[in-house]
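Below is one structure; the comments refer to it alone.
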Amino acid sequence: MANENEIVGIVDSVDEVTLTLWQTVVEMWNSFLAHVPYILAGVMILCLTWLLTHTLSAVGHKLLGYWHKRESLKDLILRLLSILVWVLGLMLTAIVIFPGLTPTKALSGLGLVSIAVGLAFKDIFENFFAGILILWRFPVERGDFIECEGVSGKIEKVLVRMSYIRKASGELVVVPNSFLFKNPVKILTNLAKRRVTVAVGVAYGENLADAVSLIENTVRSCDTVLSDEPVQIFPNNFGSSSMDMEVTWWTESKPVDVRKSRAEVVTAVKAALDDAGIEIPFPYRTLTFAEPMELKKLPSSP
């Protein structure tokens, strides 16, 4: 009889636990169904936030196109506005999905989360703020050619965390923004023109003044040389085989323009010196002996 009572008690306990679990599941399901409208409203807010940021980007580029400021500054303004819209949209979504959440509580929670995320993703935030400072303060725009710690090429994009640099040989180099912010950057196209220098040497037997005048006139006649800038010739060294001089002129600033101009000038100067009979010497070696050399005639072969 006792065993039967124990079995009945166990069965009743199992039924009670099962009933409790079922009631809990039903209550959770009913609560979820009751909360579905809030979730759908939150999803709609996220979609509207996404749509608003894209509209802001498209309209903002057109409106800021009439503002005569640096392109990088315009990109920075649009980026900060997009971030602000996303922060407000996410905060409103959280308040709608969780009705008990107030803006004050949301801001407090956002502050705590930002501290934790900032510590966990320090490098990402460092590159993010470096990108903002590059867009705001650096005198560099998309399309500029730069050199930085062995990396040289044209800037294609400055994104939130990284920058895209296209090398002259075609490879794409992706560098973190902090790399550009922390290291010296040489901006090759900061001006529309660059000065180029090549070395030229003429033989000691030539008239140096005539050679300088001929080279200057030849350089001025080249198409890639800017006519509104000076052409300067500086004789600066007595070399081992020649009188050396620096030939300087100005041309357009892109690397390919510099290479084209240097090639044109070198070719033209060589042709002009050859036509004038002015020697560009090879290295000469003069041998001096302490005692006179005795010359002997070799016997002729039979």
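Gain in length, Lys182 to Val198, computed as 0.36 nm per residue apart minus the alpha-carbon separation, to one decimal in nm?
Stretched out fully, the Lys182 to Val198 stretch lengthens by 2.5 nm.
Pulled fully out, how much extra length does the chain show between Ala290 and Val175, if you take 0.36 nm times their separation in residues and subtract their Cα-Cα distance? The partial results should precede the final answer.
Values: separation 115, 0.36 × 115 = 41.40 nm, distance 6.36 nm.
Answer, rounded to one decimal: 35.0 nm.
Once you list every other residue whose beta carbon is under 9 Å from the beta carbon of Asn236, what net charge do they have if Lys and Arg are +1 and Asp and Glu are -1?
For residues surrounding Asn236, the net value is -2.
Would you mind getting me the FRET efficiency between Phe125 and Ala271? Use the beta-carbon distance for r and R0 = 45 Å, nearest 0.05. Spell out each step's value before the answer.
Numbers: r = 59 Å, r/R0 = 1.31.
It comes out at approximately 0.15.
Given a Förster distance of 22 angstrom, what is the FRET efficiency for Arg166 paired with Leu191, based on the Cβ-Cβ distance and rounded to 0.05?
0.60
Rounded to the nearest whole Å³, what is the per residue volume of the convex hull around the Cα atoms of region 121-168?
Numbers: hull volume 3.6 nm³, N = 48.
With only Cα atoms used, region 121-168 gives 75 Å³ per residue.
Please report, for the Cα atoms of region 221-302, the Rg to one decimal and the Dmax as a whole number; what are they, in angstrom?
When restricted to the Cα atoms of region 221-302, Rg and Dmax are 21.8, 73 Å.
Computed over the Cα atoms of region 144-302, what is the convex hull's projected area averaged over all directions, in nm²? Intermediate results must be reported in sequence, preceding the final value.
Details: hull surface 71.6 nm².
For the Cα atoms of region 144-302, the hull's average projected area reads 17.9 nm².
If we count every other residue with Cβ under 13 angstrom of Thr218's Cβ, Lys/Arg +1 and Asp/Glu -1, where does the sum land? Show your work: numbers first, answer last.
Numbers: positive: Arg220, Lys270; negative: Asp210, Glu216, Asp223, Glu264, Asp274, Asp275.
Around Thr218, the charge tally is -4.
Taking the Cα centre of region 137-187 as the origin, how large is its charge dipole in debye, to the nearest 20, when only Lys and Arg (+1) and Asp and Glu (-1) carry charge on their Cβ atoms?
Numbers: 9 positive and 6 negative charges, 29 e Å.
Dipole magnitude for region 137-187 comes out near 140 debye.
What number comes out for the charge environment of Pro255, summing +1 per Lys or Arg and -1 per Asp or Glu over other residues with Cβ under 11 Å away? It would help to have the intermediate numbers written out before the result.
Values: positive: Lys154, Lys167, Arg194, Lys254, Arg259, Lys260, Arg262; negative: Glu147, Glu252, Asp257.
Combined, the nearby Lys, Arg, Asp and Glu give +4.
Need the full-extension length gain, Arg142 to Met28, defined as separation in residues times 0.36 nm minus the C-alpha distance. One decimal, nm.
Fully extending the segment from Arg142 to Met28 adds 35.6 nm.
Every number in this text was worked out from the coordinates using simple rules, so none of it is lab data. Because the structure is predicted, anything quoted here is derived from the model rather than measured. Every residue, glycine among them, receives a Cβ derived from its backbone with ideal geometry; neighbour counts consider all protein chains shown.
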